[in-house]
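Okay, structure first, notes after.
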Amino acid sequence: MINFEYARANSADAISQIAGDPTAKFIAGGTNLIDLMKEDVERPSRLIDISKLPLKAVEEMPEGGLRIGALVPNSDLAYHPLVAQRYPILASAILAGASAQLRNMASTGGNLLQRTRCYYFYDTATPCNKREPGSGCSAIGGLNRMHAILGTSDACIATHPSDMCVALAALDAKVHVAGPAGTRAIALVNFHRLPGDTPERDTNLAPNEIVTAVELPVPGFAANYTYLKIRDRLSYAFALVSVAAALELEGGAIKEARLALGGVAHKPWRDSSAEAALRGEAVNPTTFSHAADLVLRDAKGLEHNAFKIDLARRAIVRALTQAAAGTPQSQSNKKIR
Ligand SMILES: Cc1cc2nc3c(=O)[nH]c(=O)nc-3n(C[C@H](O)[C@H](O)[C@H](O)COP(=O)(O)OP(=O)(O)OC[C@H]3O[C@@H](n4cnc5c(N)ncnc54)[C@H](O)[C@@H]3O)c2cc1C
Ligand code: SF4
């Protein structure tokens, strides 16, 4: 681990501190950044501690949505009564991730900005275009069981590891950010990037910007939803494939549908053509299989991850079936701290 400076930010100087030092990084819960520093993957010259900023509130918006401060811990968010009642798919996705201890430390903003779990990204002895642009991608011809099947490039096949972001994508969330030029809002589906030929850039957040909040619009799909996470172990493992499915039903037909996948791409994967194909259709296996085929029409597998295509197809059908039946995937509803 290299030497670094440490400074605590306040509301007045957080942006000027990050804007004044291009090699500095914000630190919130530290559960991802500190690991990356210990592995010599991230080498910030300075850590700007934002954990004391007043960004810890979950507030109701006038039109019925919620505004979640960037420093709300993942566990507080999952167990917040308004989230549990109105956006249970978000609570379910958060509780499918990490462990109780990690969720207590992890922040909303840090979860959005956590980096890939590609083994080669963490292994500084191997080439990796995300860690060292232009050095090559060790995963393409290597161990790629966890890697992406959609939206990949010749430069990178990494996946985004967050569970929370998959539910946020399905819910049409917006990310509020602030920087030297003022504030702006970015749709969650446009916040993370596909790798293209710049895999070193995970998101469209500028280096001198801070995430201040995440906004959830209505509806929350509290009646018919599922977050289904398929992984190697029942807990404490990242998704091989995950599916956030949310439906609004009317008289046995689908009035509105949202479908987002995790573990399959460099960003939470949403497919508007699959959602359009669900709208107005009857709830049945044929409808759900057709939507799954549409989501996966351009999927490509490599030597070790081709199994994910069939796994994703079956996970989509199962998640939609459970959502339609109002029987969400069970997550622990016990409050574990
Ligand atoms: C063993 C283990 C298992 C895990 N399993 C899962 C899992 O199954 N599913 C899952 O989704 N996650 C999992 N995680 C990841 C965990 O959710 C993240 O580490 C956590 O959400 C990061 O939040 P943090 O506040 O600790 O971020 P930090 O480590 O503090 O920061 C992460 C990044 O975000 C930046 N940052 C933080 N806040 C802001 C902000 N407000 N504005 C701008 N930049 C910011 C930092 O500069 C840094 O680059 C796991 C982690 C571990 C260690
Ligand atoms: S998949 Fe991406 S993160 Fe992994 S080795 Fe290739 S370039 Fe690096």
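The values are calculated or read from the model by the stated rules, or taken from the named source; none is laboratory data. Predicted model, so just to flag it, every value in this text is computed and none were measured. Note that each Cβ is placed from the backbone with ideal geometry, even for glycine, and that neighbours are counted across all protein chains shown. To get the accessible areas, we keep the full protein, side chains included, count just its heavy atoms, and leave off ligands, DNA and RNA. Shrake-Rupley method; radii C 1.70, N 1.55, O 1.52, S 1.80 Å.
The slack in the chain from ASP197 to ASP40, taken as 0.36 nm per residue of separation less the alpha-carbon distance, amounts to 54.2 nm.
Mean separation of Cα pairs under 8 Å and 6 or more residues apart, divided by the residue count, gives the range 60-144 a relative contact order of 23 percent.
Remark: spin-label model distance HIS290-ASP123 equals 4.5 nm, labels positioned 7 Å along the Cα→Cβ axis.
Normalising the average separation of contacting C-alpha pairs (under 8 angstrom, six or more residues apart) by the number of residues puts the relative contact order of the chain at 17 percent. Among the trypsin sites (Lys or Arg not before Pro) in the range 244-308, those placed in a DSSP loop whose Cβ has at most 12 other Cβ atoms within 10 Å are ARG297.
Note that the range 137-143 has calculated 3J(HN,Hα) couplings of 10, 6, 6, 4, x, x, 7 Hz, one per residue in order, obtained from phi through the Karplus relation 6.51 cos²θ - 1.76 cosθ + 1.60 (θ = phi - 60°); glycine and proline are x.
Measure nothing but the geometry: give the 0 to 90° angle between the long axis through the Cα atoms of 307-325 and the longest principal axis through the Cα atoms of the chain, rounded to 10°. Helix 307-325 sits roughly 60 degrees off the main axis of the chain. Residues in the range 282-288 carry Karplus couplings, in order, of 6, 6, 7, x, 5, 4, 5 Hz; the curve used is 6.51 cos²θ - 1.76 cosθ + 1.60 with θ = phi - 60°, and Gly or Pro positions show x. For the range 51-112, trypsin sites (Lys or Arg not before Pro) meeting the loop criterion (DSSP other than H, G, I, E, B) and having at most 13 other Cβ atoms within 10 Å: LYS52. The amide H of HIS304, built 1.01 Å from its N in the peptide plane, has ASN144 as neighbours under 5 Å, considering only residues 5 or more places off or on other chains.
Sparse packing (at most 10 other Cβ atoms within 10 Å of the Cβ) combined with a DSSP loop state is found for the following GluC sites (Glu not before Pro) in the range 1-86: GLU63.
Using only alpha carbons, the chain has a radius of gyration to Kirkwood radius ratio (Rg to Rh) of 0.96. Shape class for the range 1-142: oblate, because the ratio a/c of the largest to smallest gyration tensor axis (alpha-carbon atoms, square roots of eigenvalues) is 1.5 or more and b/c is at least a/b. Mean-square fluctuations from a GNM of the chain, with a 10 angstrom spring cutoff on Cα atoms, peak among LEU77, LEU311, LEU150 at LEU311. Roll a 1.4 Å probe over the protein chains and send me the accessible area per residue for the chain in Å². Using a 1.4 Å probe on heavy atoms only, each residue of the chain averages 43 Å². A Gaussian network model of the chain, with springs between Cα atoms under 10 Å, assigns the largest mean-square fluctuation among THR212, THR226, THR183 to THR183.
Provide the percentage of antiparallel DSSP beta bridges, counting only those with both residues in the range 7-155; round to the nearest 5. In the range 7-155, approximately 45 percent of DSSP beta bridges are antiparallel ones. Taking all protein chains in place and a 1.4 Å probe, what share, in percent, of the accessible surface of the range 141-250 do carbon and sulfur account for? For the range 141-250, the apolar C and S fraction of the accessible surface comes to 54 percent. Taking the chain as a Gaussian network of alpha-carbon nodes connected by springs under 10 Å, the highest mean-square fluctuation of the residues GLY20, GLY220, GLY301 belongs to GLY20.
Heavy-atom accessible area, probed at 1.4 angstrom with all protein chains present, ranks VAL241, VAL189 as VAL189, VAL241, highest first.
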